[in-house]
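Structure, as structure tokens:
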Amino acid sequence: QVQLVESGGGSAQSGGSLRLSCAVSGTTVRVLGMAWHRQAPGKERELVAVISSYGTTNYAESVKGRFTISRDDAKKTVYLQMNNLKPEDTAVYYCNVQLRSSIWGQGTQVTVSS
């Protein structure tokens, strides 16, 4: 059974950094696109960053220049390095990967205090 295991969430001060990881297990199928989404309380889930199987990246305007998405295909893992965090980055962050179908992680809480 395919599983996504997320880690790295937690609390940080404004201006601080956190690194999220999401590892795919239970499959030998090639991983296509990988992405991070987030959902803040009372808001809809939004795309934060995406990376294609070729390494092409795209970011939400609100995180450009602060967040970096990367992937390690040998480990079937996607990362989100978050720098210069702001209180408005507080949300549950979800990993999403495209195999034969779209798979979602369970979410990890990120809380940024001012």
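A few points about this structure:
- Whole-percent carbon and sulfur share, accessible surface of the chain, 1.4 Å: 47 percent
- The calculated Kirkwood hydrodynamic radius for the chain is 14.0 Å, given to one decimal from all distinct C-alpha pairs.
- Once backbone amide H atoms are built at 1.01 Å from N, G33 has S53, Q98 as its partners under 5 Å, excluding neighbours fewer than 5 places away on the same chain.
- Charge dipole (segment 18-114, unit charges on Cβ, about Cα centre) - positive-most of I51, L18, G65: I51
- Full extension of the chain between D72 and E88 yields a length gain of 2.9 nm, computed as 0.36 nm times the residue separation minus the alpha carbon distance.
- Computed lengthening from V2 to Q109, 0.36 nm per intervening residue step minus Cα-Cα distance: 36.3 nm
- Gain on full stretching of the segment that runs from T56 to R30 - 0.36 nm per residue minus C-alpha separation: 7.7 nm
The values are calculated or read from the model by the stated rules, or taken from the named source; none is laboratory data. Only a predicted model underlies this, so the values are computations on that prediction, with no experimental measurement involved. Glycine gets a Cβ as well: all are built from the backbone with ideal geometry, and neighbour counts include every protein chain shown. Side chains are part of the model used for accessible areas, which takes the heavy atoms of the whole protein and leaves out ligands, DNA and RNA. Shrake-Rupley method; radii C 1.70, N 1.55, O 1.52, S 1.80 Å.
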